[in-house]
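Colleague: Below are the structure tokens for one structure; questions will follow.
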Amino acid sequence: MQIPSATPMRFECKSTCTSKVPTSFRTLTPNRTRISECSPYCFLLSRKILVLAGWFAMAVQPTTRAADWWTAFGHAGLSAAIEQGLADHPDPNAALARIRAAEAGVEIAAAGRRPMAMADAAYRVGREQSMMTGGVADDIEPLMTTARLSWEIDVFGRVGASVEAAQARAAMRTADAEAVRLALSLDIARVYIEVAWLAGDMTWLEREWVDAQVLHERAERRVQAGLDDPSTVRRAGSAVQQVEHRHMETAIRHDKARERLRSLLGGSDPAVWPDALDHFALPPVPDMTGTNLYLSRPDIVAAYQAWQAAQGESRSAAQSRLPSLALVASAAGEGDNPADPEEWSAWVGPVLTVPLWEPKRTSRARGAAADASAAEAMFESASLRAIREIATARADRQRSEAMIEHMSERERLLAAEESSLERKRTAGIVQDADLRMARMTRAAAARDASMWIQVGLRNHIDLIGALGGADGE
């Protein structure tokens, strides 16, 4: 990928946008990233946005922790559960440990820029023949000591490239930790809302079962009195069984959702178990005109830093084939008495090391270059995936919001009809069975409305996740 120069560049959408296409992006410049009215599919057809993303990521520091997005729901129980999970679940702690390991890697790489001192001593038993022995075999001097101080001059930038790669890996681990934190908070919110929805669903089913049971008993009495056909009892009994089956099925799902929530909270119960969706409201759509996608998505930042790390390793591997220069001070001595060595030497000066033939260096350089190309492709893939996820999440959020309005209006109409029948029954105009059938119809509508509220809340959470936890404000 070629990174453009600092000259301002503007990429305008060239396709025709219609209201049928999910809206996400409009115009991107190197000084600002904005998401608003243009179709994201325009950018799926162009790699220019990915080049521009690299320009942005190179000019900024790694992403910082996103704001607590869950506060937009205004639900104390949800906020407490997410904060509890972030504090008690082991995944964030593991991510922090990986950050510390990566920071240690930076220190290790940076140590190549500092002088190194080594010393060793040996007690030897053996024989030697040298100029010191006059060409005659004699016992070897038993004591030997050496000391060496060296400082490599990073002439070709090999050490610098290694340090940059280590720093990029540390930044990648920081972004990974934020991605873990974001994913955990999103999962907790989804399961918490599911628990609330299923708990409310069971409450409506219990009310529906009471009315179905009363209608069944009424049908039995009418059949015994000869006023109805026996098939009426069978239909009423079947209705009771259907409600009981749905309640049992919902109870099983509710128990499983509670267990998933406990697992996400580190094995403990939340401070408050949700019992319905009555206290949840669908937050407004985030103002995406202020969202910097490439700074708010931790997976994109991590992919970019992984690419930078691979590039640094590739440069370091390529430069390892070049000569290296070091300033060295060395001293050595040997003899019977360490205070009065019979042979010693001391010197200081530059040392040039030239790798003449080491095939693995060339192979290592080719492998590192291939890894850099793969990391670049992964960065582009993460960018494309983010665009697609935002478009899908926003479209789903809009559709679910429309369905919530539709189902809520239907429930309001049925609630009004139920109230009318209640008054008519009090006045003796209609029978109790008519009212109970209306209640069952209203309960089914309320369950449908609750289901769509749950879907809308989950789609909103998906949109927040697609935006990297940013609320756009």
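The values are calculated or read from the model by the stated rules, or taken from the named source; none is laboratory data. Treat the numbers as computed from the prediction; the structure is a model and nothing was measured. For neighbour counting, all protein chains shown are included, and Cβ atoms are generated from backbone atoms with ideal geometry for every residue, glycine included.
Colleague: Restricting the range 261-275 to residues that are of a type outside the set (Val, Ile, Thr), surrounded by fewer than 16 Cβ atoms within 10 Å (Cβ to Cβ) and closer than 15 Å to Glu194 by Cα, which is farthest from the chain's Cα centre (by Cα)?
Modeller: Asp275
Colleague: Within the range 265-292, take every residue that is of a type in the set (A, V, I, L, M) and in contact with a helix residue (DSSP H, G or I) (Cβ under 6 Å, 6 or more places away or on another chain) and give me the one that is modelled with the highest pLDDT.
Modeller: Leu265
Colleague: Among the residues that make up the range 298-310, is at least one of them surrounded by 15 or more Cβ atoms within 10 Å (Cβ to Cβ) and either in contact with a strand residue (DSSP E or B) (Cβ under 8 Å, 6 or more places away or on another chain) or part of a loop (DSSP other than H, G, I, E, B) (or both)?
Modeller: no
Colleague: Within the range 448-473, work out how many residues are more than 18 Å from Val191 (Cα to Cα) and either in contact with a strand residue (DSSP E or B) (Cβ under 6 Å, 6 or more places away or on another chain) or not aliphatic (A, V, I, L, M) (or both).
Modeller: 5
Colleague: Could I ask something else about it? Output the number of the condition that Gly468 fails; it satisfies all remaining conditions of (1) in contact with a Ser or Thr (Cβ under 7 Å, 6 or more places away or on another chain); (2) closer than 29 Å to Gln311 by Cα; (3) modelled with pLDDT of 90 or more; (4) not aliphatic (A, V, I, L, M).
Modeller: (3)
Colleague: Oh, and also: Tell me which residues, restricted to the range 423-473, are within 22 Å of Thr250 (Cα to Cα), surrounded by fewer than 20 Cβ atoms within 10 Å (Cβ to Cβ) and hydroxyl-bearing (Ser, Thr, Tyr).
Modeller: Matches in the range 423-473: Thr441 only.
Colleague: Look through Arg394, Arg412, Arg364, Arg385 and report the one residue that is among the basic types (Lys, Arg), buried (at least 20 other Cβ atoms within 10 Å of the Cβ) and either touching an Asp or Glu at 6+ places or on another chain (Cβ under 6 Å) or outside any strand (DSSP E or B) (or both).
Modeller: Arg394
Colleague: Kindly list the number of the only condition in (1) in contact (Cβ under 8 Å) with a residue 40 or more places away in the chain; (2) more than 16 Å from Thr441 (Cα to Cα); (3) loosely packed, with under 15 Cβ neighbours inside 10 Å that fails for Glu206.
Modeller: Going through (1) in contact (Cβ under 8 Å) with a residue 40 or more places away in the chain; (2) more than 16 Å from Thr441 (Cα to Cα); (3) loosely packed, with under 15 Cβ neighbours inside 10 Å one by one, Glu206 breaks only (2).
Colleague: Quick check on Ser408: is it hydroxyl-bearing (Ser, Thr, Tyr), modelled with pLDDT under 90, out of contact with any Cys (no Cβ under 8 Å at 6 or more places or on another chain) and within 23 Å of Val243 (Cα to Cα)?
Modeller: yes
Colleague: Here's another thing I want to ask about it. Got a sec? Which of Val240, Val180, Val163 is over 27 Å from Leu78 (Cα atoms) and surrounded by fewer than 21 Cβ atoms within 10 Å (Cβ to Cβ)?
Modeller: None of the others qualify; the one that does is Val240.
Colleague: Hey, another quick one. Given the options Ser185, Ser150, Ser162, Ser238, name the one that is within 30 Å of Ala119 (Cβ to Cβ), assigned to a helix (DSSP H, G or I) and of a type in the set (S, T, N, Q).
Modeller: None of the others qualify; the one that does is Ser162.
Colleague: Hey, does the range 419-426 have a residue that's at positive phi and over 37 Å from the mean Cα position of the chain (by Cα)?
Modeller: Taking every residue of the range 419-426 in turn, none turns out to be at positive phi and over 37 Å from the mean Cα position of the chain (by Cα).
Colleague: Something else: I'd like to know if the range 137-147 contains one or more residues that are in contact with a Ser or Thr (Cβ under 8 Å, 6 or more places away or on another chain), assigned to a strand (DSSP E or B) and touching a residue at least 60 places away in the same chain (Cβ under 8 Å).
Modeller: Taking every residue of the range 137-147 in turn, at least one turns out to be in contact with a Ser or Thr (Cβ under 8 Å, 6 or more places away or on another chain), assigned to a strand (DSSP E or B) and touching a residue at least 60 places away in the same chain (Cβ under 8 Å).
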